[in-house]
Amino acid sequence: MTYISDGSTASYYVLPEGARELQDLISERDMNAQIGEIFRACYRYGLCRHSDQLRDAKKILFYAAAEVKRLEALQGSGSRVRPTWVSAPDWARWLAQDPDGRWWWYEEPPQPGELGWEENNTANGNAELAGLTEVVGDWRDSLENRPAVKPDWKGAPEWAQWLTQNADGCWLWWEEMPIAGKSQWVDGLYTGTISFGGVSPVIGDWRETLEQRP
């Protein structure tokens, strides 16, 4: 529903009867996930201990850009095909769908909120809009971890002699045999070439992933 103001009154600025907190207003206006997050960030701007003004401003900008992408998708400029991991960014570890149909790539596992998936306040990972499709079933069941796919030696650089996976899921090609550090493989001699090979969930102990070229 839209409203028309005669210049002297504006009914859309009148608080609904019984409204006591922001969630009442969010529900009254049926705000989606990103608009609700913007609304919250604006109201608490600089007041929350774990989120200063700069973090709130970045959050507002992030969700505003997401709303623009969502609306563009609805107008036909976005993809209506369910995202596949083939098109996922290298850093993406999780895929999830919001109740309004938007799919998101996440670097860190998100958590279900009142209006959709939300980034954990303690996480600093990336998030990116992946697409828009009809919601089938419960959106809370859509969270999906990146499949564990090890790089194939057929796609290895010619100089690569070793392959490893770090504790964060990153695969690396090595010219010289690396050694295991605290949470990742390192080049003990600092003489060889290293190249990124992809990322996937870690299965088992990452220290046992060292593999020599067949």
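Quick notes on this structure:
- Odd one out for Asp98 among (1) farther than 22 Å from Gly137 by Cβ; (2) acidic (Asp, Glu); (3) surrounded by 13 or more Cβ atoms within 10 Å (Cβ to Cβ): (1)
- In region 134-157, the residues that are in contact (Cβ under 8 Å) with a residue 40 or more places away in the chain and surrounded by 14 or more Cβ atoms within 10 Å (Cβ to Cβ) reach residues that are part of a helix (DSSP H, G or I) and not aliphatic (A, V, I, L, M) with C-beta atoms within less than 7 angstrom, at least six apart or across chains, in these pairs: Arg146/Trp85.
- Counted residues, region 22-45 - those being of a type in the set (Lys, Arg) and surrounded by 15 or more Cβ atoms within 10 Å (Cβ to Cβ): 1
Rundown of residues vs (1) assigned by TED's automatic domain parsing to the domain that holds Pro109; (2) modelled with pLDDT of 90 or more, yes/no style:
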| site | (1), (2) |
| --- | --- |
| Arg140 | yes, yes |
| Pro157 | no, yes |
| Ala160 | no, yes |
| Asp168 | no, no |
| Trp173 | no, yes |
| Ile179 | no, yes |
| Lys182 | no, no |
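- Residues of region 106-133 classified as in contact with a helix residue (DSSP H, G or I) (Cβ under 7 Å, 6 or more places away or on another chain) and without any contact (Cβ under 8 Å) to a residue 24 or more places away in the chain, total: 0
- Applying a threshold of 8 Å to beta carbon distances and a minimum spacing of six or more residues, or different chains, the list of pairs starting in region 192-214 at a residue that is closer than 10 Å to Asn166 by Cα and ending at one that is aromatic (Phe, Trp, Tyr) and in a loop (DSSP other than H, G, I, E, B) reads Val199/Trp91.
- Against the numbered list (1) over 27 Å from the mean Cα position of the chain (by Cα); (2) at pLDDT below 90; (3) surrounded by 16 or more Cβ atoms within 10 Å (Cβ to Cβ); (4) aliphatic (A, V, I, L, M), Val199 comes up short only at (1).
- Check on Gly188, in the same structural domain as Ala65 (by TED's automatic domain parsing), outside any strand (DSSP E or B) and without any contact (Cβ under 8 Å) to a residue 24 or more places away in the chain: no
The values are calculated or read from the model by the stated rules, or taken from the named source; none is laboratory data. Worth saying up front: this structure is predicted, and the values here are computed from it rather than measured. Every residue, glycine as well, gets a Cβ built from its backbone with ideal geometry; the counts of neighbours run over all protein chains shown.
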